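Peer 1: A single structure is presented below for examination.
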Amino acid sequence: MDGTLTQAHIDFADMRARTGIPMGDLFTVMEAWGEPARIAGAMDTILQIEAEAAKAVSAMPGLMPLLELIREKQVPVALVTRNTPQSVEAFFNLIGPEWAGIFSQVLTREFKYVKPDRRLLAEVAKTWGISPSDMLMIGDSFEDVECGNAAGAASCLIAGGGNEKPGTVVLPPPGAVPTFSVGSLAELGERLRAAGERGAAAGGVALGWPARLAAGEAIGAEGAPAPGLDYLDWLAAVGALRSAPCSFPRMGAAAGGLAACAPALLGHTLLHVFCGSGALTKLLSSQGLQVWGVDSDVDAAQRRGLRAAPFAGAPLGPGCLGRRGQEGGVMAAAPEQGFDVVMLDGSHMPEAAAASWWTPASVASLLPALAPGGRVVAQVPLLYGDVNPAAVLSSLAGAGLAVRHWRVAAPQPGCVGALACSEQLEVVATMRE
């Protein structure tokens, strides 16, 4: 809402300094903290700053003409925000009840799903009885775009919002590239009117990526989700991956103001091996899982606010995850009981690892991180000549794993590059009893 519909009167640099979160998405970072008192203290600070900002709320230039266009065309519109109900009330008081009634759905941070959890927009679409690809997600932050792209909606970034400072250009990370961008609400209104009168191309707008794919369009980075979403859906379907029934349950339990859930319903603890820039890691984190990432270079993942550590040695080599009680490596801060899920992500593997991750020596490098009864899951491209499903499954069995599920999956729609666009071997395995 701030930076999109209203002018942001929040000093985010001050908020970050006072909460001790120098970079990354605030909610993602706080959810990862293991100290409830620390979460509660940071949330109190955020609430104080937001309450002061609500007193000075003002409309973003171009807002009222845009609302007039929406009402004229009878387009359903929802307000999804991580702000408080009190901040939303201040906004509605600003525009008046006759305009507040335009918003047929109003979902604040108290709703069970919040951005960038893709389930949020799935719920909005379900309520309206439409496909997410027929919706447009408009926002000023990468979290807005990530949520829209992952849900299959089109996404529009209002330039100059939460991720930019005057005179600074911040390039969007993978999975957060919008379908299109505008410089103001006035420009957005002009584009939408042109699209309604002369077609989408005339307005420079588009539908969500599933609809564009169905129409035979090629999908590039614009509006595309993080690679691996279809893989996560498969893991959930076979019971190998559990999300929480709300987005940030630990924040909700520690500080209130967000939905919480019973401890037994919390999402899995997961180690994302070869996490890359953290695009998929962040989406997992937003679904109530506790996620750690590891890769050779984790700078981009850490800038997203994710817990990530570099390999402590050669990737998939002995001791590559580090050891408990020792600095260096992801195991230094891992859950005491180990991870429920160790997930290998082939989309960011170097060629040598992609051709040998399934060998007994490579598997052995990961097993110290696995909790009793945990799962090793992998999605790896069948791009290299020596890699075939039979050899992989046989080798995993020789390494002491029992393969519970496997399939050869087609590339994710809209993939880019030979690695992502090859067939993918997907595996779920546990330690043999």
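Every number here is computed from the coordinates shown, using simple stated rules; none is lab data. Bear in mind that the values here come from a model prediction, so they are computed numbers and not experimental data. Note: ideal-geometry Cβ built from the backbone for every residue, glycine included; neighbour counts use all protein chains shown.
Peer 1: Would you report the distance distribution of C-alpha pairs in segment 3-153 as whole percents per 10 angstrom bin, up to the bin with the largest distance?
Peer 2: That works out to 10, 37, 37, 14, 2, in percent per bin.
Peer 1: A follow-up question, please. Per Stokes-Einstein, at 20 °C and 1.002 mPa s, what whole-number D in µm² s⁻¹ belongs to segment 153-311, with the Kirkwood radius over Cα pairs as the hydrodynamic radius?
Peer 2: Values: Rh = 18.0 Å.
Estimated via Stokes-Einstein, D reaches 119 µm²/s.
Peer 1: Shifting gears a bit: With charges only on Cβ, +1 for K and R and -1 for D and E, what is the dipole size of the chain about its Cα centre, in debye, rounded to 20?
Peer 2: Numbers: 30 positive and 41 negative charges, 136 e Å.
Dipole of the chain, to the nearest 20 debye: 660 debye.
Peer 1: Based only on other Cβ atoms within 10 Å, what is the fewest-to-most ordering of CYS156, CYS320, CYS261? Can you show the working numbers first?
Peer 2: On the way: CYS156 26, CYS320 22, CYS261 17.
Lowest to highest Cβ neighbour count: CYS261, CYS320, CYS156.
Peer 1: Still on this structure: Considering only C-alpha atoms, what is the centroid distance from segment 203-238 to segment 248-302, in Å?
Peer 2: Segment 203-238 and segment 248-302 have Cα centres separated by 22 Å.
Peer 1: Provide the percentage of antiparallel DSSP beta bridges, counting only those with both residues in the chain; round to the nearest 5. Please list the in-between numbers first.
Peer 2: Working: 16 of 46 bridges.
Counting only bridges with both partners in the chain, antiparallel ones make up about 35 percent.
Peer 1: In nm², what is the average projected area of the convex hull enclosing the Cα atoms of segment 230-283?
Peer 2: That works out to 4.5 nm², a quarter of the Cα hull's surface.
Peer 1: Using only alpha carbons, build the gyration tensor for segment 1-49 and give me the equivalent ellipsoid semi-axes, biggest first, whole Å. Can you show the working numbers first?
Peer 2: On the way: eigenvalues 86, 24, 20 Å².
Working from the Cα gyration tensor, I get semi-axes of 21, 11, 10 Å.
Peer 1: Can you sort LEU47, LEU136 so the residue with the fewest Cβ neighbours within 10 Å comes first? Mind showing how you got there, number by number?
Peer 2: Working: LEU47 16, LEU136 19.
Going from sparsest to densest Cβ surroundings: LEU47, LEU136.
Peer 1: Still on this structure, please answer the following. Quick one: work out the % antiparallel among DSSP beta bridges in segment 339-433, nearest 5. The partial results should precede the final answer.
Peer 2: Working: 15 of 21 bridges.
Among the beta bridges of segment 339-433, antiparallel pairing accounts for roughly 70 percent.
Peer 1: Still on this structure: At a 10 angstrom cut-off on C-beta neighbours, averaged per residue, how do the peptides 29-42, 267-280, 247-260 rank from highest to lowest?
Peer 2: Details: 29-42: 17.3, 267-280: 25.7, 247-260: 22.2.
Highest mean packing first, the order is 267-280, 247-260, 29-42.
Peer 1: Right, here's the next one. Given N residues in the chain, what is Rg(Cα) / (2.2 N^0.38 Å)? Mind dumping the intermediate values first?
Peer 2: On the way: Rg = 22.3 Å, N = 433, 2.2 N^0.38 = 22.1 Å.
With N residues counted in the chain, Rg over 2.2 N^0.38 Å equals 1.01.
Peer 1: Further question: What are the principal axis extents of the Cα atoms in segment 329-433, in Å, biggest first?
Peer 2: Rounded to whole Å, the extents work out to 38, 28, 23 Å.
Peer 1: What is the total of Lys pairs in segment 12-214 with C-alpha atoms under 29 Å apart, excluding same-chain pairs fewer than 8 positions apart? Could you put the intermediate results ahead of the total?
Peer 2: On the way: LYS55/LYS112; LYS55/LYS115; LYS55/LYS165; LYS73/LYS115; LYS73/LYS126; LYS112/LYS126; LYS115/LYS126; LYS115/LYS165.
Close lysine pairs found across segment 12-214: 8.
Peer 1: Follow-up. At 222 nm, what helix-only mean residue ellipticity would the chain give, in deg cm²/dmol to the nearest 500, using -39500 (n - 2.57) for each DSSP H run of four or more?
Peer 2: -10000 deg cm²/dmol
Peer 1: So, one more: What is the antiparallel percent of DSSP beta bridges lying wholly in segment 229-431, to the nearest 5? Please report the intermediate quantities before stating the final value.
Peer 2: Values: 15 of 33 bridges.
That works out to approximately 45 percent antiparallel.
Peer 1: Let me ask something else about it. Measure of size requested: the Rg and Dmax of segment 229-431, with Cα atoms as the atom set and Å as the unit; please supply both.
Peer 2: 16.3, 53
Peer 1: Follow-up. Report the far tail of the P(r) of segment 90-212, meaning the percent of Cα-Cα pairs longer than 23 Å.
Peer 2: Details: 2693 of 7503 pairs.
Of the Cα pairs, 36 percent sit more than 23 Å apart.
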